[in-house]
1. Could you list all residues from region 82-92 that are in a helix (DSSP H, G or I) and crowded, with 19+ Cβ neighbours inside 10 Å?
2. Name the residue, out of Q190, Q186, that is touching an Asp or Glu at 6+ places or on another chain (Cβ under 9 Å), among the polar types (S, T, N, Q) and more than 23 Å from M215 (Cβ to Cβ).
3. Starting from residues that are in a strand (DSSP E or B) and of a type outside the set (F, W, Y), keep the ones in region 129-169 and report whichever is nearest to ligand 2 (Cβ to nearest atom).
4. Exactly one of (1) over 25 Å from L258 (Cβ atoms); (2) part of a helix (DSSP H, G or I) is unmet by L103. Its number?
5. Kindly indicate whether any position in region 226-242 is buried (at least 20 other Cβ atoms within 10 Å of the Cβ) and more than 12 Å from ligand 2 (Cβ to nearest atom).
6. Can you pull out the strands (runs of 3 or more DSSP E) entirely within region 209-270 that have at least 1 residues that are in contact with a Lys or Arg (Cβ under 6 Å, 6 or more places away or on another chain) and hydrophobic (A, V, I, L, M, F, W, C)?
7. Among (1) of a type outside the set (F, W, Y); (2) within 16 Å of ligand 1 (Cβ to nearest atom); (3) in contact (Cβ under 8 Å) with a residue 24 or more places away in the chain; (4) surrounded by fewer than 20 Cβ atoms within 10 Å (Cβ to Cβ), where does M215 come up short?
8. Please identify the pairs in which a residue from region 49-60 that is in a loop (DSSP other than H, G, I, E, B) has its Cβ atom under 7 Å from the Cβ atom of a residue that is of a type outside the set (F, W, Y) and surrounded by 10 or more Cβ atoms within 10 Å (Cβ to Cβ), counting only partners at least 6 apart or on another chain.
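The values are calculated or read from the model by the stated rules, or taken from the named source; none is laboratory data. Keep in mind that what you see is a predicted model, and the values were worked out from it rather than measured. Methodologically, a virtual Cβ is constructed for each residue, glycine included, from the backbone with ideal geometry; neighbour enumeration extends over all protein chains shown.
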Amino acid sequence: MQGWILNRFPQHALRSDCYGVHRLLAQAQQRNIGIRVVAAHELDIIAEGQGRHRFLLAGQAVAQPNFLLNRMGSATSYFALAVMRQMENAGVYVPNSSQSVALVRDKLHTLQVLAHHGLPIAKSMLAKYPVNIDLVERELGFPVIVKTLAGSQGRGVFLCETRHKFEDLIAMITTSQGNPNFIIQQFIAQSMGQDLRVFVIGGRVVGCMVRKAAMGSFKANYSQGGTVLAYPMTPLIEQLAVRTAKVLGLEIAGVDLLFADQGFKICEANSSPGFRGMEQCSSVDISAEIFNYIELRLEQGKFANQV
Ligand SMILES: Nc1ncnc2c1ncn2[C@@H]1O[C@H](COP(=O)(O)OP(=O)(O)O)[C@@H](O)[C@H]1O
Ligand SMILES: [Mg+2]
């Protein structure tokens, strides 16, 4: 069996801090799976008539793998999505499909789909110019969260404690750049500085942890210096996380849940969640879980190909 990991960096330039990719490589080698890391920019894709799909790697024709695992998450470019679509059309198994990766890369689209399926979310608006501050205050109140449509590791998320701070931020955004799209979201005070990260693989929860922000921060991301602790599963957490992954079409998902008055609100879902924190605070082996699932799906030989 041959598999490719679609990554931002090619195999020869893999940084030592790419924990997840290194773990996946080691796991594949242990299982005698031929595995290689491929960066989207190393590939050329050629679509031809008669149902032919060709792939070139560093300019040379290359056989298609049995599966393509995307580890680019919200950094998945249009080119990477096109590679995934061509692989899907060529019959390659692509766990997390191009469609689901594109969907969760857009946090507003994600929230719209979750809301449509009756899942709990923080009330959110897409910014419209000129931003009507009174309307934001009326609908969401202050403090309020401002976040980019795409982003990860807490980098595009901002907390405006007061109306004044929000006015300042909007003034800065509108003067510095040409009306970028962003989300304005109700701040879930009860979750201040902590959230849950739930790993769902193949419709099953395989791990759950609570993340606590570093002192002075409201962002619970592990990559922002947060600490992690295994968290006991409950039927509610399980149901929310599994349904979230299902309605978004994610076979491998890191679902973020915010603590809220009556249970939880779904913050976002990640299509290629990092797993250093989860493996550090529990005995769960995420790379093994991912390959157990991929092997099972390839054995079954049934996967919906994109058109
Ligand atoms: N509406 C909110 N209310 C309270 N905290 C939030 C809210 N949205 C995000 N956060 C905090 O910020 C962190 C990062 O937000 P998130 O939308 O998951 O961005 P990223 O994709 O960068 O991880 C979350 O893990 C959570 O701790
Ligand atoms: Mg997050």
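1. Step one: of region 82-92, the residues in a helix (DSSP H, G or I) are 82-89.
V83, M84, R85, Q86, M87, E88, listed by residue number.
2. Numbers: Q190 fails: more than 23 Å from M215 (Cβ to Cβ).
The unique qualifying residue is Q186.
3. Only one residue fits best here, namely V157.
4. (1)
5. First pass over region 226-242, keeping only residues buried (at least 20 other Cβ atoms within 10 Å of the Cβ): 226, 240-241.
From the residues that got through so far, the ones that are more than 12 Å from ligand 2 (Cβ to nearest atom) too are 240-241.
Within region 226-242, one or more residues are buried (at least 20 other Cβ atoms within 10 Å of the Cβ) and more than 12 Å from ligand 2 (Cβ to nearest atom).
6. 227-230, 252-260
7. In the conditions (1) of a type outside the set (F, W, Y); (2) within 16 Å of ligand 1 (Cβ to nearest atom); (3) in contact (Cβ under 8 Å) with a residue 24 or more places away in the chain; (4) surrounded by fewer than 20 Cβ atoms within 10 Å (Cβ to Cβ), M215 misses (3) alone.
8. Listed by first residue and then by second, the contacts come to A58/E42.
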